[in-house]
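Enquirer: Sending over a structure as structure tokens; questions will come in a sec.
What follows is calculated from the coordinates using simple rules that are stated; it is not laboratory data. Values in this document were obtained by computation on a predicted structure and should not be read as measured data. Cβ: placed from backbone, ideal geometry, glycine included. Neighbour counts: every protein chain shown.
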Amino acid sequence: MNVPPAVVYLDMNVWVALAKGLKGQDPTWTRRYAFLADAVDAEHIVVPLTTGHYLELWHRSNRQSREDIGRVMQRLSRFTTLAPIQTVLAMEIDAYVGRLAGDDGRVDPSELLGYGASHAFDSPYGRFRFVESLASDDGSVPEGEAVDPPPEFVNPPEGAAWEWIQLVGLPEVLSSPGVDRTPSHRLGTANAEDELRIREMMAGQAQVKGRLRDFLIAEVITSLSETINDVCTRAHVSSYALFFDHAEHTTPAEAMRAFIAELPTGDAFVTLRERKHRDATHPWEQHDRVDLHSLATTLPYVDIVITERRWAHLCRASGLARRHQTSVHPLREFDTALQQIAAR
């Protein structure tokens, strides 16, 4: 009986540690890297990249550092990528509405895997987007309207060289006028400020603190309203009835909780965000937005996750790791994760 490859998600801090260890010829990290490379070659594991990896790697200003990490990513991932969170959520909504209509649809983990930046960003142009003007660094001036791509992007390039540019970048690309190499820094900072405002509301309003999960669920559903309406229209299901005239749930709040519970990624996103808010000792930082999106997408669908210590704790303590039968490890348990791979 053939066993499908285990899907292994490595947080950015793991990729950095691998590259640093290899460059310094550290025997422990050299051994770990060799094990993973052999497991990839034998098709025992798949080590996909996510949208977050692409975004975070371009944030590193040192070219040599980007290239060192990029080489490790290229070797182990072979540019296999996971679909972005908005695509996965749309797939989950489509499957859920299908079940309401009598189907037995579920999102299979294999459906999330694809090749290259075009898959990671769900765009033929990969990470590149074309707008009239960039947003200001402080967010006071919004991004301009979308525009048509320049002629050289009408038929986007393909192949390993193109994927390398998407992942690592070239100096002439990164320094080009009008290229925003760190958009998630700006978005992450704005997101952290929004999360801090929620914390302030929790501290000043007992109702917000007591119904935090409902607040976060409503926020996610609002952000997904267009996708929900589109899916329901195609399936001839009333989107209004999902929340306001549900056959089983008497209140909109109950219906919204039930809806999110049916979306593995949506539930993971809300649960991790709620858990982080409940722990006032865990500050919100600009990179948390990328971490949340990556973990909410990977936790329900991969076999092994190696991430930062605090996020590993939240994944375990929340029950998400157990629910999805996903092995979650902090970096210090790297060898334990390798043992699990070897045991398969």
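Enquirer: Please report the net charge: other residues with Cβ closer than 11 Å to the Cβ of G70, K and R +1, D and E -1. Could you put the intermediate results ahead of the total?
Expert: Numbers: positive: R60, R63, R66, R71, R75; negative: E67, D68, E163.
Around G70, the charge tally is +2.
Enquirer: Same structure, new question: To make sure I understand, if each residue's beta carbon is the centre and we count other beta carbons within 10 Å, what order do S223, S77 fall in, fewest to most? Provide the component values of the computation, followed by the final result.
Expert: Details: S223 11, S77 21.
Ordered from fewest to most neighbouring Cβ atoms within 10 Å, S223, S77 come out as S223, S77.
Enquirer: Which value, in debye to the nearest 20, describes the size of the charge dipole of the stretch 1-160 about its Cα centre when Lys and Arg Cβ atoms bear +1, Asp and Glu Cβ atoms bear -1, and nothing else is charged?
Expert: On the way: 14 positive and 23 negative charges, 188 e Å.
The dipole of the stretch 1-160 has a size of about 900 debye.
Enquirer: For the stretch 155-163, in order, what is each residue's ³J(HN,Hα) by Karplus, 6.51 cos²θ - 1.76 cosθ + 1.60 with θ = phi - 60°, in whole Hz (x at glycine and Pro)?
Expert: Those phi angles translate into 10, x, x, 9, x, 4, 5, 5, 5 Hz.
Enquirer: Once every DSSP H run of n ≥ 4 in the chain is given -39500 (n - 2.57) and the sum is divided by its residues, what mean residue ellipticity at 222 nm do you get, rounded to the nearest 500 deg cm²/dmol? Don't skip to the end; give the middle numbers.
Expert: Numbers: 19 runs with 199 residues, N = 344.
One gets -17000 deg cm²/dmol as the mean residue ellipticity at 222 nm.
Enquirer: How do F334, F35 line up, fewest other C-beta atoms within 10 Å first? Before the final figure, lay out the partial values.
Expert: Values: F334 18, F35 15.
Ascending Cβ contact count within 10 Å gives the list F35, F334.
Enquirer: Rounded to the nearest 0.05, what FRET efficiency do S65 and S239 have when you use their Cβ-Cβ distance and R0 = 45 Å? Intermediate results must be reported in sequence, preceding the final value.
Expert: Values: r = 47 Å, r/R0 = 1.04.
My answer for the efficiency is 0.45.
Enquirer: Rounded, prolate or oblate: which one fits the stretch 193-344, using the alpha carbon gyration tensor with axes a ≥ b ≥ c (rounded when a/c is under 1.5, else prolate when a/b beats b/c, else oblate)?
Expert: Numbers: a/c = 2.38, a/b = 1.38, b/c = 1.72.
It comes out oblate by the Cα gyration axes.
Enquirer: Going 7 Å from the Cα of A343 toward and past its Cβ, which residues in the stretch 1-32 have a backbone nitrogen under 19 Å from where you end up?
Expert: Counting backbone N atoms under 19 Å from the label point, the list is 3-9.
Enquirer: May I pose another question? Starting from the Cα of H313, step 7 Å toward the Cβ, then list every residue of the stretch 269-297 with an amide N under 14 Å from that point.
Expert: Only 275-284 pass the distance filter.
Enquirer: Cα centroids of the stretch 26-93 and the stretch 309-344: how far apart, whole angstrom?
Expert: When both Cα centres are located, 18 Å separates them.
Enquirer: Right, something else. Kindly write out, for the stretch 107-118 in residue order, the coupling ³J(HN,Hα) from the Karplus curve 6.51 cos²θ - 1.76 cosθ + 1.60 (θ = phi - 60°), rounded to whole Hz, with x marking Gly and Pro.
Expert: 7, 7, x, 5, 5, 7, 8, x, 10, x, 5, 4
Enquirer: As I understand it, the value is the acute angle between the Cα axis of helix 85-100 and the longest principal axis of the Cα atoms of the chain; what does it come to in degrees, rounded to 10?
Expert: 40 degrees
Enquirer: When C315, C232 are ordered from fewest to most other Cβ atoms inside 10 Å of their Cβ, what list results?
Expert: On the way: C315 26, C232 20.
Sorted ascending by nearby Cβ count, the order is C232, C315.
Enquirer: Let me have the relative contact order for the chain, percent, based on Cα pairs under 8 Å that are six or more residues apart.
Expert: Details: 434 pairs, mean separation 71.0, N = 344.
RCO, the chain: 21 percent.
Enquirer: Leaving out same-chain residues fewer than 8 places away, which aspartates and glutamates sit with a Cα under 14 Å from that of K23?
Expert: E67, D68
Enquirer: Then there is this: What nm value, rounded to one decimal, do you get for the distance between T30 and A42 when each label is placed 7 Å out toward the C-beta?
Expert: Distance between the two pseudo-spin positions: 2.1 nm.
Enquirer: Let me ask another. Would you work out the charge dipole size for the chain about its Cα centre, treating the Cβ of every Lys and Arg as +1 and the Cβ of every Asp and Glu as -1, and quote it to the nearest 20 debye?
Expert: On the way: 35 positive and 48 negative charges, 285 e Å.
Roughly 1360 debye for the chain.
Enquirer: OK, next. Mind checking which lysines have their C-alpha under 21 Å from K209, skipping anything on the same chain fewer than 8 residues away?
Expert: Here the lysines satisfying the reach criterion relative to K209 are K276.
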